[in-house]
Amino acid sequence: MLKGILAISGQPGLYKVISEGKNNVVIESLLTGKKSTAYADAKMSTLEDIAIYTSSEDVPLKKIFKKISDKENGGQAINAKASPEELKKYFEEVLPDYDKERVYGSDVKKVLSWYNLLHEKGLLIFEPETAVEGGSETETTNSEVAE
């Protein structure tokens, strides 16, 4: 689900990778649909590589998006333009043990705006998680995670 989706430092929104060259990447903005080129010196992160600090471990973004989706019954999250207090309260409901020292309000705002953008574009596809129990694989339908 998050493969091929980039966040680029200093650029608004998210970008889908169209093709890769030796020193650049052709991208398409999920906000505007416009295609452009990002060069190797741009600070790019794929969403599948991003995680949020908690008191015990780093939680991958795909799991956070799944928790938001579960909370909202598959709907949109709170508007990222809500007050900092509302955003913090909402995020605590989604991820109660997130590290409040290392996860800033701007990070919470970004996660929620990314979730809403991906939701709006129909790119939040959650697949059943395969759990291994007693040596056999079983599908878990209640605790699906994003691929």
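Answer yes or no: is there a residue in region 59-69 that is among the aromatic types (Phe, Trp, Tyr) and either over 29 Å from Ile18 (Cβ atoms) or surrounded by fewer than 16 Cβ atoms within 10 Å (Cβ to Cβ) (or both).
no
For region 86-129, enumerate the residues that are within 22 Å of Ser9 (Cα to Cα), without any contact (Cβ under 8 Å) to a residue 24 or more places away in the chain and of a type in the set (Asp, Glu).
Glu101
Would you mind finding the one in Ser106, Ser29 that is in contact with a Pro (Cβ under 9 Å, 6 or more places away or on another chain), of a type in the set (S, T, N, Q) and farther than 13 Å from Leu2 by Cβ?
Unique residue meeting the criteria: Ser29.
If you check Ser83 against the conditions, is it farther than 26 Å from Gly4 by Cβ and in contact (Cβ under 8 Å) with a residue 40 or more places away in the chain?
No; evaluated as a whole, the condition is false for this residue.
Every number here is computed from the coordinates shown, using simple stated rules; none is lab data. Remember, it's a predicted structure, so these values are computed and weren't measured experimentally. Here the Cβ is made from the backbone with ideal geometry for all residues, glycine too, and neighbour counts use every protein chain on show.
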